[in-house]
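To keep things clear, I will list the structure first and then write my remarks on it.
The values are calculated or read from the model by the stated rules, or taken from the named source; none is laboratory data. Keep in mind it's a predicted model, so treat the numbers as computed, not measured. Note: ideal-geometry Cβ built from the backbone for every residue, glycine included; neighbour counts use all protein chains shown. The protein model used for the area step is the full one, side chains on, heavy atoms only, and it has no ligands, DNA or RNA in it. Shrake-Rupley method; radii C 1.70, N 1.55, O 1.52, S 1.80 Å.
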Amino acid sequence: NFFTDKTFLSPENMRQYYLRKFDLHEQWQAIFSSRMLKHFHLRSFMNYQLRKPLYDYRFITNSGDGSNFSPGQYYSTEIGSVVRFAFREKFVLVGNNLLSQGTKFPAITFKYTQSLSGIFDNSYNYNRIDLMFEKEFKIRNFGKFSVNAQAGKINGLVPYSFLSSFTASYDKFAISVP
């Protein structure tokens, strides 16, 4: 999740809802958000999460201490930052919130997450890097064409539910005519 602002019934929010049906996922999170420079947006966060698969799953490890599988629920404590660069992005102020009206240029989002092993029952030591590229093209008298590319890398051993889950292209296709 790149902390993108979507509407309540957007395909991404509905996808997140259905993904959580597969795992019990509780999360407590604190976020600090700030504009660093004119085109950069920084969000720093710390979270604590519990994930419990609602299906038969065990995470097998070879930790060297004699244990070779972990219990059916997983705790994680993470800290990280998200940096988004969007050149000449335009905003509108609605109440106390700034809403993006987009940009004519590509937006690039970088996210780094580090687990804090040993804090709040977290027994996983990993770091994660995610990168997202997004660009929207407006086609006159036809509509919009959006490109969104995501990539991620996790260093360390983590249970299945901690791995990346990117959207496929079939669910995001839509045609709208002004």
Open item on the list: Just checking, does region 155-167 include any residue being of a type outside the set (K, R) and either over 30 Å from Y57 (Cβ atoms) or at pLDDT 85 or above (or both)?
Closed with: yes
Open item on the list: Just the residues that are at pLDDT below 90 and surrounded by 14 or more Cβ atoms within 10 Å (Cβ to Cβ), please, taken from region 99-115.
Closed with: S100, G102, T103
Task: Which numbered condition R88 misses (of (1) of a type outside the set (S, T, Y); (2) more than 28 Å from F162 (Cα to Cα); (3) out of contact with any Lys or Arg (no Cβ under 8 Å at 6 or more places or on another chain)) - done: (3)
TODO: Taking the residues in region 120-137 that are modelled with pLDDT of 85 or more and more than 17 Å from the chain's Cα centre (by Cα) as candidates, determine which candidate is surrounded by the fewest Cβ atoms within 10 Å (Cβ to Cβ).
DONE: F137
TODO: Please work out which residue is most open to solvent (accessible area, probe 1.4 Å), limiting yourself to region 143-165 and to residues that are part of a strand (DSSP E or B) and under 25 Å from E26 (Cα atoms).
DONE: K153
- [ ] Take region 45-61 and flag every residue that is outside any loop (DSSP other than H, G, I, E, B) and touching a Ser or Thr at 6+ places or on another chain (Cβ under 7 Å).
- [x] Y48, Q49, R51, P53
TODO: Confirm whether S76 is open to solvent by less than 40 Å² (accessible area, probe 1.4 Å), assigned to a strand (DSSP E or B) and modelled with pLDDT under 90.
DONE: yes
Task: Test for E89: is it open to solvent by less than 60 Å² (accessible area, probe 1.4 Å), at pLDDT below 90, charged (D, E, K, R) and closer than 30 Å to K135 by Cβ - done: yes
Task: L9 vs. criteria modelled with pLDDT under 80 and more than 16 Å from the chain's Cα centre (by Cα) - done: yes
